[in-house]
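Every number here is computed from the coordinates shown, using simple stated rules; none is lab data. Computed from a prediction, not measured in an experiment: that's the story for all the values here. Heads up, the Cβs are rebuilt from the backbone with ideal geometry, glycines too, and the neighbour counts pull from every protein chain shown.
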Amino acid sequence: MRLKTLLMAGAALTLVAPAAMAERGADGQLNIIYWQAPSTMNPFLSGGTKEVEASSMVIEPLARFSDTGEIVPILAESIPTTDNGGVSADLRTITWKLKPGLLWSDGTPVTAADGVFTYEYCTHPEGGCAQSSYFEGIASMEAVDDLTLKITFTEPKPFPYTALVGSESPIIQKSQFENCIGARAPECTEQNFNPIGTGPFRVTEFRANDVISLEANPNYRDPAKPAFASVLFKGGGDAESAARSVLQTGEFDYAWNLQISPEVLTEMEAAGRGKVVVAFATSVERIHVNFTNPDPALGPDERSVWKEDGSNAHPILSDIRVRKALSMAIDPVILTEIGYGPTGRPTCNVLPGPEIYASTANDACLVQDIEGAKALLDEAGWIDSDGDGVREKDGKELSLLYQTSTNAVRQQFQSLIKQWWGEIGVETELRNISASVFFGGDPASPDTFQKFYADVEMYTNNFSGVDPEAYMANWICNKAPRPSTQWQGENITRWCNPEYDALAAEFSKTAGLEARADIAKRMNDMLMQDYAMIPLVHRGGTSAHANTLAGVKINDWDSELWNIADWHRVK
Amino acid sequence: MTDATAGAAPVAQSRHRSLWGDVWRQFRAHRGAMAGVAVFGFIVIAVFLGPLIHTVDPQYLDLRARNAPPSWAHPFGTDNVGRDIAAQVMAGGQTSLAVGIAAMAISIALGAFIGVLAGYFKLLDGALMRLTDLFLALPILPLLLVIILLFRDTLRSAFGPEGGIFLLIVVVIGITSWMQTARIVRGEVLALKEREFVLAAKSIGTRERRIITRHLLPNVLSPILVSATIGIANAIITESSLSFLGLGFPPDFPTWGRLLYDGKDFLTLTPGRVIWPGLAISLTVLSVNFIGDGLRDALDPRIRGR
Amino acid sequence: MFRYAMRRLLVSIPTLLAISFIIFALLDLAPSDPTANLPLTIPPEVREKIRASLGMNEPFIIRYLLWLQQFLVNEPLNMIEQWTGWTIGDSENRLRVISWATRSPVVDLIVERMPQTLWVVGMSYVVAVLIAVPIGVISAYRQYSWFDQIGTFVSMLGFSIPTFFTGLLFIVIFSVWLGWLPSIYDTTLVVDSWDSFMAQVRQMIMPTMVLALANASQISRFMRASMLDNLNQDYVRTARAKGMKERTVVLLHVLRNSLIPVVTVIALGVPTIFGGAIITEQIFRVNGIGALLIVGIESADIPLVQTLTFIFAILIVLFNLIADLLYGILDPRIRYD
């Protein structure tokens, strides 16, 4: 599959309407439940998934990613490429053409100036825009004419589809937000709750963290859509009861993000009112191995701090044989079956998709090998000499502190892995930390995932969109969190390999999908074969919809509600 | 309860020992109380001696027998990762009973102490009641997060991972739940200290400590006993919610409250996961309540000998 | 009594200021972060900018004084303006207390959530008191009768089974199996006809009952214990000896003297009506004040949590004062002066 054909196919796709010719608003009300309620409709002020998805019904980008991960034009007429001249040969500019005749929901025309304004709004230094990374590397953005938007990059950009692409960076209306730029952004409550958009619906009432009422946008570009006259978007509660309200009581039509025990989900689905749908993108649940010494006896400038000269290495885990043994003792297949069922797949890669980037070189990890792990630990000099079931070396016990956030599935994974590691003579102390602390960036807290005051820790990470360049750059040496960076940085494992850093630099300069895929796979394999992380499960986005709702194409690359204009009632 | 009666004990013993004989006779005649003692005793024995008979490791994950129905090997069935529910309920009971009773004792002792002082001494009333208002107003969750931040690592190194956390949990529950008892006791004491028998005791020059222990405490015993019953239930449930903040016991350490919480989604699939821990909590609270009832009646001289 | 009440009210002001400072310090110390809930795809530099835009880099004392000014001066002024339509000073640039997560005024959020909180949590408290007091009285009067034993058993279940479980059980029985009641509360429902009134009643039944069960259990136990203490007092014998009707003795004399602990419990309970019921609101998605508070805590929305807890503190101080005044009415021997 080449990028060009992908793009063309995507463009063609949108022209074929899956729904039968219907009348706008003919299907009455659509009830959606998100167990985390959106707090605003402005995704630039809150980057949470729930806010991004809710606002995707109202405001739209130039292009977005379809359920198969292809780029499809939304407000743009087509996707610019080097072949059609939309992207310059030196990869420094991209020129988008808007569809002619587009109207905002208040009836005024959409122009390229709105796109430029969005860029200015999000890059204002005092605005605190949550999506500003989408606008990185842009030298200027200009409206050539009413329908032409030209973006110039500071350096050649092999993958230029970031700004104003995908539901995280949609276009907002200039005349509505003109006075809300910079420090004034948070004061514009009315605008942030009721943005004027181009999407199939518009807000009639927004109750923060509770419920959103929407109605069909009278100025939507397709006169036959959306099929629903109104949407009730309810939030709050927990995933389990959200699933129940769709699958068992039938009060709602669509429920989002149902991470609950697979057997419970299967039982609910058996009631026959609705079905569970899954889409896979790039989320991987993995164990991070600490390459630095987290000994509590060390001071704050030493404990879990990466040193450029390679000192302060982890006393146990810096030996690759130990890391490999820990990985061999784990059975990702059983973990997936217990924790995720059909909504997850066992994986051996930290970069599981899009398909073209997925490596197959590490698949041996899927098979558990307890005996092999024991032999490896023996070889590494870890022997149980005092017969207490725990191996020692030089008077030090092979004992690890294993932390993660509080979450029913994660605690089950902890128990399972503790048992397996126990079988190979590794003692494990478990700790779980409230998610709001664990994922918080408070440099004063000892319990954040960045500080990593533990030997191993487990969580899920992913990247948005389809291009892994920024994601794979997470593991370069100087991205290790440390006091001098206020403990910020994505290289949580503190793994460091100059060869990898060189590959990351090469990646950012390489154009052409195949060459890029080759580099990405090599980087993935380098991480996996050094056991810097132990990948466990490739997690899918899981939702449920009522049997009476048709047109749902669940999408983990973009907003799940990306094609809500096509949703309709089964008659 | 022990704290409340302890105050009256030395006084009574110094006079004639047969008083406690009377109390014991009266207590034994109380059928509800004896049933309570029997049930509570059974729970304690089952929880502490049961693991000697049913020797399955509560943490062993039997991956081939997940969500299993009750059988000889697993009398209460297994959960969704193949842990034996019977063994978990027993192991959880050891922790929950210890936490429940210890935390309740702290909260009752603190509440009764502050309540009596505030009610009896007018000078202390204002300050102590404003302190109570403060504790009532503090948002519990952020408070707990701060406590973990400040004390977890210190306690962990001083008492080990489990001992340190036990101490932390018990103290945290105790110091965040004494306010209701304190306000109730104070309200009662305010009324009691104006009654004739207290005035009479004062007029013959009885010392204040003696008035409090001999005249006031026995008369506020019933609301304290009710608070104690509710306190045990509260502590057992609160412990389970603490574990979601990372303050509770490590995730491989079962307690009744956590078993109930983890099992609730499996209500229709493996009902044993909620029935057994739920039943254990209810029976514990019920039996403690009946013991409290019997104790109250036995200590009330107007009922005794009736 | 009046002088006592006035003095207490005056003392409340420094007390509340001290409480507000301690709460603020506590929230500031707590290791949570408003960007913790964002996806990990948002890089740390961007998070740092978000925190800066929220004013988190200002010194602690400045943030506290700013909040104090916003809450005690700007918000009341704004409220007066809204009621009267006047313009006082520079109302355009007057900063209100703004929530970090929603970027909207905290007071508006609270007002938006009052109706469902008062309906569900308030109603459940009324139901609880109405059930609990008679049950407590009868249980004590007929101690160890069948009525008493059943009452004891049910109330033990009531407070030993947590609401997260009773709520779920109710949903499984009444929504899934029987299909009688909705499992999700619709806050947009407008009551303007008989049908919508019935819909409102139907959606209120389960959350109200779950909460009422838990509260009634507690109140009835205190009521019973206190009645038992009083039934054996000398004044009861005297009243009976004087030939008073049994009903008068029990309901007028014993009940009145037994109310002190019950009044305390209820006075402690009324502020919690405003505080909402976190778990029950979550289960049935009532999304009242309790849900607002827990979402605020989880997303480290300090202005929201600070404002909510402070209003809560005011109510606690106020209702404890009311309880103290009621003691004096119930038992005239209690004197404060």
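Observations on the model:
- Among complete DSSP H helices in chain C, those whose alpha-carbon atoms stretch at least 15 Å along the helix's long axis and whose mean Kyte-Doolittle hydropathy reaches 1.6 are C:123-141, C:302-330.
- Crossing angle, helix B:221-242 versus chain B [Cα axis fit, 0-90 degrees, rounded to tens]: 30 degrees
- Low-density loop cleavage sites - chymotrypsin sites (Phe, Trp or Tyr not before Pro) in the stretch C:96-196, where at most 14 other Cβ are within 10 Å (DSSP): C:TYR144, C:TRP180
- Viscosity 0.890 mPa s, temperature 25 °C, Stokes-Einstein D of chain C from Kirkwood C-alpha radius, µm²/s: 105 µm²/s
- The phi-based Karplus calculation (6.51 cos²θ - 1.76 cosθ + 1.60; θ = phi - 60°) puts the 3J(HN,Hα) values of the stretch A:525-541 at 5, 4, 5, 6, 6, 9, 6, 5, 9, 10, x, 10, 9, 8, 8, x, x Hz, whole numbers, x for Gly and Pro.
- Build a GNM of chain B with springs between Cα atoms under 10 Å apart, and of B:ARG152, B:ARG186, B:ARG258 the one that fluctuates most is B:ARG152.
- Calculated FRET efficiency, C:VAL191 to C:ASP108, Cβ-Cβ distance, R0 = 25 Å: about 0.70 to the nearest 0.05.
- DSSP finds beta bridges in the protein assembly as shown, and of those with both partners inside it, around 75 percent are antiparallel.
- Distance in nm between pseudo-label sites at B:LYS122 and B:ALA98 (7 Å out along the Cβ direction from Cα): 4.8 nm
- Of A:LYS418/A:LYS479; A:LYS479/A:LYS509; A:LYS150/A:LYS521; A:LYS521/A:LYS553; A:LYS374/A:LYS396, those spanning more than 24 Å from alpha-carbon to alpha-carbon: A:LYS418/A:LYS479; A:LYS150/A:LYS521; A:LYS521/A:LYS553
- Values of log10 I(q)/I(0), in the order q = 0.06, 0.07 Å⁻¹, for chain A under a Debye, Cα-only, solvent-free model: -0.32, -0.44
- Spacing of the two label points (7 Å from each Cα toward its C-beta) at B:TRP20 and C:THR248, in nm: 4.7 nm
- Positive-end extreme of charge dipole, the stretch C:108-299 - chosen from C:VAL236, C:SER145, C:SER193 (charges on Cβ): C:VAL236
- Extension gain, A:ASP394 to A:GLU506, is 36.1 nm, computed as 0.36 nm per intervening residue step minus the present C-alpha separation.
- Modelled FRET efficiency - R0 30 Å, C:PHE60 with C:ARG94, Cβ distances, 0.05 increments: 0.80
- For chain A, the longest site-free run once GluC sites (Glu not before Pro) in DSSP loop states with at most 12 other Cβ atoms within 10 Å are removed: A:24-307
- In Å, descending, principal axis extents of the Cα set of the stretch C:2-84: 61, 34, 21
- Relative protection proxy for C:243-255, B:74-86, from highest mean packing down: B:74-86, C:243-255 (other beta-carbon atoms within 10 angstrom).
- Note on A:THR266 and A:GLU423: their simple-model spin labels are 2.2 nm apart, each label 7 Å out from Cα toward Cβ.
- Comparing C:ASP229, C:ASP301, C:ASP324 in a Gaussian network model of chain C (Cα springs below 10 Å), the most mobile by mean-square fluctuation is C:ASP229.
- Long-range HN-HN contacts of A:LEU549 with modeled amide H, under 5 Å: A:VAL570
- Interchain or long-range residues, amide H under 5 Å from A:ILE287's placed H: A:ILE534, A:LEU536
- Total formal charge among the other residues, if their Cβ is under 10 angstrom from that of B:PHE249, Lys/Arg +1 and Asp/Glu -1: -2
- Calculated FRET value between A:THR148 and A:ASP238, using beta carbons and R₀ = 60 Å, to 0.05: 0.80
- If only the Cβ of Lys and Arg carry +1 and only the Cβ of Asp and Glu carry -1, the dipole of chain B around its Cα centre is close to 1220 debye.
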